[in-house]
Amino acid sequence: MAVNYRELGLKVGLEIHQELATSHKLFCDCSPRLFREEPEYTFLRRLRPTQSEMGEVDPAALFEFQQGKTLLYEASRETDCLVEMDEEPPGPLNSEAVDICLVLALMMGSRPVDEIHVMRKTVIDGSNTTGFQRTCVISLGGEITVDGKRVTIEQICLEEDAARKTGESGVLMQYRIDRLGIPLIEISTAPVITSPEEAGSVALAIGRMLRVTGRVRRGLGTIRQDVNISIKEGALTEIKGVQQLDLVSKVVEYEVQRQRRLLDIREELRRRGLTKENLQEEFSDVTEVFSETKCQVIRSSMKKGGRVYALRLPHFAGLVGRELCPGRRLGTEMADRARFWGGVSGLFHTDELPSYGITAEEVAKLREAVGAGGDDAVVLVSSEPQKCRDALQAVLKRASEAVEGVPSETRGPNPDGTTHYMRPRPGAARMYPETDVVPVTVTPNRLEKVRRSLPEMPEEKLSRLITEFNLNRKLALQILDSDYLDLFEAISRETKVPPSLVAVTLTETLKSLEREGVKVEALTEENLREVFLSIDKGLLVKESVPDILTWLANNPEASALEAIKALRLELLSQEALWEIVRGKVKENEELAKRMGLRAVGTLMGAVMREVRGRARVEDVQGLVEKALKEMLGA
Ligand SMILES: [Zn+2]
């Protein structure tokens, strides 16, 4: 059934974040790369709830602080210094990064500010050692045209990227600060996008503009989208950190579906006569009901001294278990909240029971214990009493929001495009000036210089890929949307390898290797370049490329020549090949005499089985024909 998004009043705004490829970080000289090795040093900090100037504290941050959350930061000497550790003030703003942002601003008709002022934006999750993120506005306004529609750009900002989370256990949160301080451009559109498909196209179009500059970092996680979505009567939901461009439209589609189903649930609750006042804070200890239970989750919790608590949700029968998105129910949303605010591992609700080892008799006793009627649902959790009460408190809050409709939340994406609860939406971004960084004037001179060196626009680039390299449109688009656009052009110019082979290898071959589990992100540009140089020099046949790349992905420090040696894929000399061909033809003398020249195909197959990867097909064919003619005396 087609959804009429216009009628639903869908509004989507995108914030695209892309790491820039600069020689050093935004406020220091550290190398902007991520390290895979063990950290050279670590340090501990307490999470502080940061206050706005108005004195309000973010409830989620305060809650985490009260839990005694501690941060373990991991660092290395090459990627981190005292600036990232917040032991030294930041250095001047990286002018290389500013120039890249100015390039994008001019490409999108966005008006650069006269003076760039670095600001501090409160960050509450520990991903910045300072408790804030440094950000500055580079330009305002602008637009891009996507499929004939003008999409307004609100602003372009330059920010420092945050530390990346590497683990969490109990109260300890682990962050690696190598990513902290890597320059990040943020391009925000106005909320003018009106369908999931359009959201995907706009994200793709902005991604292309970023890539044609040739100045952005590549690989998973270097581009991240925040998607802001609302529908009429729904609420603004912010979905943070979508990493794949092709997931954006799915995320929008599912969010609209989720909000619509939540509105349906609201209508049903109202029809059943529920008001928020009916939702009572009555948490019952029902441990007795489960004293003999076969439910593994409850048993193991009770073994550790846990109790079972239940909450009656009047008129919610059938609604807690109602699906909002594939595999996600209202009950899932309640469980997300219970985990976040109560630290429990999950919950059970009567819409899904009896199941999980909980029997019908236990459900009946449970209903009786909390006085639940047939129209009511019951939610239960098992843990230490305080956690149970915190968890059920959060469930009650989520239930009361269901009476209102859609809660305003910050959510995170799941790999399939559905989303999960992250935290309540913070108030408007709290910003104050960063007094440690001197403002930067954007002179007309500087702008003129940037204007003279603007890259081709994506459309021009696409046409040129088609004409200059003779690619078909589909392949040209694939290479335009890949991380290897520049590498493709460089290799196609410096070798005689057919550009279509280069393009297919850099897109389809790498993708299919990745699907097979090969760590293609480990391959360096040097690895890839050498492979094509080897083909160019006649050291390697194209059929061997997937094997060579697979080997190199496991040995990225090695050279293509070493890969060829290790895999015994060196090309045979013409003499050696001739000996093999002649031998095979002789072996099949009877067949050859019987079929004459028609035996070429069969004989080639026999030879290729022996020399695959070590000889070109054309060469084998020529030699087989020659040997056959010799034998037949033709
Ligand atoms: Zn540094």
Surface share of carbon and sulfur [accessible, 1.4 angstrom probe, percent] for the chain: 49 percent
Place a label point 7 angstrom from the Cα of Ser95 along the Cα-to-Cβ direction, then list the residues of region 412-451 whose backbone nitrogen is under 11 Å away. 441, 443, 446
Can you list the GluC sites (Glu not before Pro) in region 485-578 that are in a DSSP coil and have 16 or fewer other beta carbons within 10 angstrom? Glu516, Glu557, Glu570
Pairwise Lys count, region 493-634 - Cα closer than 15 Å, eight or more residues apart or different chains: 10
Heavy-atom accessible area of Ile358, protein chains in place, probe 1.4 angstrom, given in Å² to nearest 10, is 10 Å²
Compute the Rg/Rh shape ratio of region 291-395: radius of gyration over Kirkwood radius, all on alpha-carbon atoms. 0.94
The rounded separation in angstrom of the Cα centers of region 326-365 and region 391-457 is 31 Å
What nm distance separates the two modelled labels at Leu172 and Arg612, each placed 7 Å from Cα along Cα→Cβ? 5.0 nm
Under 12 Å from a label point 7 Å along Cα→Cβ of Glu87: give me every residue in region 12-36 with its amide N that close. none
Using helices alone, what [θ] at 222 nm do you get for the chain, with -39,500 (n - 2.57) per DSSP H run of 4 or more residues, divided over all residues and rounded to the nearest 500? -12000 deg cm²/dmol
Excluding near-sequence neighbours (fewer than 8 apart on one chain), region 207-337 holds lysine pairs with C-alpha atoms under 28 Å apart numbering 6
Classify region 146-234: rounded, prolate or oblate, from the alpha-carbon gyration tensor (a ≥ b ≥ c, eigenvalue square roots; a/c under 1.5 rounded; otherwise prolate if a/b is larger than b/c)? oblate
Taking the Cα centre of region 246-404 as the origin, how large is its charge dipole in debye, to the nearest 20, when only Lys and Arg (+1) and Asp and Glu (-1) carry charge on their Cβ atoms? 280 debye
Sorted by accessible area with a 1.4 angstrom probe, largest first, how do His349, His315, His117 fall? His117, His315, His349
Determine by what factor the alpha-carbon radius of gyration of region 504-634 differs from 2.2 N^0.38 Å, reporting the quotient. 1.27
Determine the dipole magnitude for the chain: charges of +1 sit on the beta-carbon of Lys and Arg, -1 on that of Asp and Glu, nothing else is charged, the reference point is the Cα centre, and the result goes in debye to the nearest 20. 1220 debye
Scattering profile of region 438-520 from the Debye formula, Cα beads only, expressed as log10 I(q)/I(0) at q = 0.11, 0.23, 0.27 Å⁻¹, is -0.43, -1.06, -1.30
Area accessible to solvent at Asp125, 1.4 Å probe radius, in Å²: 50 Å²
Neighbourhood charge, 11 Å Cβ-Cβ cut-off, centred on Glu288 and excluding it, Lys, Arg +1 and Asp, Glu -1: -1
Distant-in-sequence amide H partners of Glu409 (H built 1.01 Å from N, under 5 Å): Glu238, Arg425
Inter-label distance for Leu597 and Glu368, nm, one decimal - labels placed 7 Å from Cα along Cα-to-Cβ: 9.5 nm
Can you sort Val297, Val227 by solvent-accessible area, 1.4 Å probe, largest first? Val297, Val227
Testing the spin-label approximation: label points 7 Å from Cα along Cα→Cβ at Arg48 and Leu539. State their distance in nm. 5.6 nm
Which of rounded, prolate or oblate describes region 1-148 when judged by the alpha-carbon gyration tensor and an a/c cut-off of 1.5? oblate
Sketch the reach of a paramagnetic label on Lys474 as a point 7 Å from Cα along Cα-to-Cβ, and name the residues of region 502-534 whose backbone nitrogen lies under 13 Å away. 504, 508
Using a Förster distance of 30 Å, the FRET efficiency for Asp416-Thr152 (Cβ separation, nearest 0.05): 0.45
Expressed in nm to one decimal, what extension gain is obtained for the pair Asp436 and Glu516 from 0.36 nm per residue of sequence separation less their Cα-Cα distance? 23.9 nm
Within region 233-273, trypsin sites (Lys or Arg not before Pro) in DSSP loop having at most 16 other beta-carbon neighbours inside 10 Å: Arg272
Can you find, among Gly91, Met107, Ser127, the residue farthest towards the positive end of the dipole of region 84-127? Put +1 on the C-beta of Lys and Arg, -1 on that of Asp and Glu. Met107
Using only protein heavy atoms and a 1.4 Å probe, report how much of Trp551 is accessible, in Å² to the nearest 10. 60 Å²
Mean Cβ-within-10 Å packing, highest first, puts peptides 165-173, 584-592 in the order 584-592, 165-173
Quick note, region 174-314: a/c under 1.5 would make it rounded; otherwise a/b > b/c is prolate and the rest oblate (a ≥ b ≥ c, C-alpha gyration tensor); here it is oblate
Starting from the residue with the highest accessible area, list Thr359, Thr145, Thr293 in decreasing order, probe 1.4 Å. Thr145, Thr359, Thr293
What net charge do the residues around Arg224 carry, taking every other residue with its C-beta under 12 Å from that of Arg224, with Lys and Arg at +1 and Asp and Glu at -1? -2
Fraction of beta bridges assigned by DSSP in the chain that are antiparallel (%, nearest 5): 90 percent
Compute the Rg to Rh ratio over the chain from the alpha carbon atoms, using the Kirkwood formula for Rh, and round to two decimal places. 1.07
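The values are calculated or read from the model by the stated rules, or taken from the named source; none is laboratory data. Not measured: the values here are computed from a predicted model. Counting neighbours? That spans all protein chains shown, and the Cβs are built from the backbone with ideal geometry, glycine included. The protein model used for the area step is the full one, side chains on, heavy atoms only, and it has no ligands, DNA or RNA in it. Shrake-Rupley method; radii C 1.70, N 1.55, O 1.52, S 1.80 Å.
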